[in-house]
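Everything on this sheet refers to the single structure shown next.
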Amino acid sequence: MSQPSGPVQHSGAPLRLGIAGLGTVGIGVVKIVQRHADLLAARTGRPIAITAICARDRTKNRDADLSGYAWEDSAVALAQRPDIDIFVEVMGGHEGAARASLEAAIANGKDVVTANKALLAHHGQALALAAESAGRIIRFEAAVAGGIPVIKVLTEGLAGNRLRRVMGVMNGTCNYILTRMESAGLPYDQVFEEARQLGYLEADPNLDVGGIDAGHKLALLAAIAFGTKVSFDDVELEGIGRISIDDIRRAGDMGYKIKLLGVAQLTGRGLEQRMTPCLVPANSPFGALQGGTNMVVLEGDSVGQIVLRGPGAGEGPTASAVMSDVIEIARGTRLSTFGQPAASLATPIAAKANAPAPYYLRLELLDKPGALAKVATVLGDEGISIDRMRQYGHENTSAPVLIVTHKTTRDAITHAISRLPGTSVVQGEPVAIRIEEV
Ligand SMILES: NC(=O)c1ccc[n+]([C@@H]2O[C@H](COP(=O)([O-])OP(=O)(O)OC[C@H]3O[C@@H](n4cnc5c(N)ncnc54)[C@H](OP(=O)(O)O)[C@@H]3O)[C@@H](O)[C@H]2O)c1
């Protein structure tokens, strides 16, 4: 059998990119286009070329040869250029230049590829409607879980399933902080500072440790999974700032790890979306996840459970995801932004309460006779039954007690906790963390 040799000839017209943003992701995209020109052309049947680029500072040294590309100072001007087919937005921010340039690109007949989860979490529905009515498309593989091709798996690979649940550890910085606290036995504040010095945190760290960035990603996955309009405002958000090294250790004693876990599911109570610290079994896929790696678990009625794991950030992985969208467009595949026409997405009704779950409770119990019985009575009064319990030796006048409950509601737990000071046997603020069955 003969092997192809020499440069492949391609009949298709070049697909011309305009790249707005030349930071980590943008330069990664430039490098792939330059390094893999032949491979990209072979896979799409047409050359992929960069026509024009844009960033804030033209004089910055950017670790790539950009001399062959036209420069624009304004992202909107770039989006309006007649010599680009795809507008690649890799600047960030959910207003300002990112939003204005995406709107300009659509109005000027360009398809759009973006890595910007914040923009789509806030304006995804309006942008998708605008794109579809203009006959253009918006793809955003890089916006969720970096190098993991979760958007394509959900939109294409699982399109024949009714999705039951979507879960993800999708902020590498939070997972790094939690696993580092555990492995080095260090408190949150110290590891947070380490992460800052390593450059792992966003300029506004609350986007990471407050769960906002991961919440944006969850809202986008939920829209595709459940055919609902993106509703980031309905995502219950709680960051990792209150997780103590004590809880990490104690949860470990009970066979769990603590993760910032996103869960979205559509139930009879409505759409539940939460990005909160949860306990997961140490021997589960999420429990075994270390450092900055991301993981997404998708559950469909026919397929069962799919586990995707990989790098959630960084130049190579994110640019790989951006290029997968560019290639999809080059091949002529034209998918709706959220997997079905934006006008057909349902308005979600946010679930008022989360599905019942077991909870982990940590209390400081005073060294008094009958103390444990008093706590058990309060829990029993609230309909909370105890699955497992562990009491540690007294440290001065109190002893830590860990309780794993059977399934109960957050309301019952909150109510029980509010009553515990009245027993006069509990010292300090009890800690309650949901245990997710994964
Ligand atoms: N980094 C990751 O691992 C990763 C992963 C997934 C998704 N993302 C998303 O990808 C996007 C880009 O992230 P990044 O890490 O590459 O950011 P970055 O390194 O900070 O780069 C941002 C780039 O955008 C340019 N820029 C910012 N505002 C601009 C404006 N108003 N007009 C023109 N250019 C502007 C900057 O120009 P100057 O260089 O001149 O300042 C810079 O080149 C964000 O939406 C981010 O959430 C990033």
Of the conditions (1) touching a helix residue (DSSP H, G or I) at 6+ places or on another chain (Cβ under 6 Å); (2) within 16 Å of the ligand (Cβ to nearest atom), the single one that Ala330 does not satisfy is (2)
Single unsatisfied condition, Met181 versus (1) out of contact with any Pro (no Cβ under 9 Å at 6 or more places or on another chain); (2) among the aliphatic types (A, V, I, L, M); (3) touching a residue at least 24 places away in the same chain (Cβ under 8 Å): (1)
Glu299 - would you say it is closer than 24 Å to Asp208 by Cα and among the acidic types (Asp, Glu)? no
Residues of region 285-308 satisfying the condition of being open to solvent by less than 10 Å² (accessible area, probe 1.4 Å) and not in a loop (DSSP other than H, G, I, E, B): Asn294, Met295, Val296, Val297, Leu298, Gly300
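Condition check ((1) over 26 Å from Ile177 (Cα atoms); (2) among the small types (Gly, Ala, Ser); (3) within 18 Å of the chain's Cα centre (by Cα)) across all residues:
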{"site": "Phe286", "(1), (2), (3)": "no, no, yes"}
{"site": "Leu289", "(1), (2), (3)": "no, no, yes"}
{"site": "Met295", "(1), (2), (3)": "no, no, yes"}
{"site": "Val303", "(1), (2), (3)": "yes, no, no"}
{"site": "Ala330", "(1), (2), (3)": "yes, yes, no"}
{"site": "Ser336", "(1), (2), (3)": "yes, yes, no"}
{"site": "Ala343", "(1), (2), (3)": "yes, yes, no"}
{"site": "Thr347", "(1), (2), (3)": "yes, no, no"}
{"site": "Ala350", "(1), (2), (3)": "yes, yes, no"}
Within region 352-388, how many residues are more than 19 Å from Glu429 (Cβ to Cβ) and either within 34 Å of the chain's Cα centre (by Cα) or aromatic (Phe, Trp, Tyr) (or both)? 11
Test each condition in (1) touching a Lys or Arg at 6+ places or on another chain (Cβ under 8 Å); (2) buried (at least 18 other Cβ atoms within 10 Å of the Cβ); (3) over 16 Å from Ala145 (Cα atoms) for Arg269 and report the one that comes out false. (2)
Six or more apart or on different chains, Cβ under 6 Å: which pairs go from a residue in region 351-379 that's at positive phi to one that's aromatic (Phe, Trp, Tyr) and open to solvent by 50 Å² or more (accessible area, probe 1.4 Å)? Could you list them? none
Only one of (1) more than 21 Å from Arg331 (Cα to Cα); (2) outside the structural domain of Ile240 (by TED's automatic domain parsing); (3) touching a residue at least 60 places away in the same chain (Cβ under 8 Å); (4) open to solvent by less than 40 Å² (accessible area, probe 1.4 Å) fails for Ala142. Which number is that? (1)
Being open to solvent by 60 Å² or more (accessible area, probe 1.4 Å) and within 21 Å of Leu158 (Cβ to Cβ) is true for just one of Pro311, Pro341. Which residue is that? Pro341
Here are some conditions: (1) open to solvent by less than 50 Å² (accessible area, probe 1.4 Å); (2) over 13 Å from the mean Cα position of the chain (by Cα); (3) closer than 28 Å to Gln305 by Cβ. Leu201 meets all but one. Which one does it not meet? (3)
Kindly evaluate Arg62 against the criterion of being touching a residue at least 24 places away in the same chain (Cβ under 8 Å), under 21 Å from the mean Cα position of the chain (by Cα), open to solvent by 10 Å² or more (accessible area, probe 1.4 Å) and within 12 Å of the ligand (Cβ to nearest atom). no
Could you tell me whether region 340-355 includes any residue that is within 16 Å of the ligand (Cβ to nearest atom), of a type in the set (S, T, N, Q) and in contact with a helix residue (DSSP H, G or I) (Cβ under 9 Å, 6 or more places away or on another chain)? no
For residues that are more than 18 Å from the chain's Cα centre (by Cα) and aromatic (Phe, Trp, Tyr), scanning just region 171-198, find the one that is nearest to Ala143 (Cα to Cα). Phe192
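Given the residues Ile32, Ile19, Ile27, Ile53, which is the only one that is open to solvent by less than 20 Å² (accessible area, probe 1.4 Å), within 16 Å of the ligand (Cβ to nearest atom), in a helix (DSSP H, G or I) and not aromatic (Phe, Trp, Tyr)?
Ile27
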Applying the selection to region 93-124, what residues are in contact (Cβ under 8 Å) with a residue 40 or more places away in the chain, open to solvent by 40 Å² or more (accessible area, probe 1.4 Å) and either small (Gly, Ala, Ser) or within 9 Å of the ligand (Cβ to nearest atom) (or both)? Ala97, Lys117
Hey, does region 66-88 have a residue that's crowded, with 19+ Cβ neighbours inside 10 Å, under 21 Å from Gly146 (Cα atoms), touching a residue at least 60 places away in the same chain (Cβ under 8 Å) and not aromatic (Phe, Trp, Tyr)? yes
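The values are calculated or read from the model by the stated rules, or taken from the named source; none is laboratory data. On a predicted model such as this, the values are computed, not experimentally measured, just so you know. Ideal geometry is used to build each Cβ from the backbone, glycine not excepted, and the neighbour counts take in all protein chains shown. These accessible areas exclude ligands, DNA and RNA; they are computed on the full protein's heavy atoms, side chains included. Shrake-Rupley method; radii C 1.70, N 1.55, O 1.52, S 1.80 Å.
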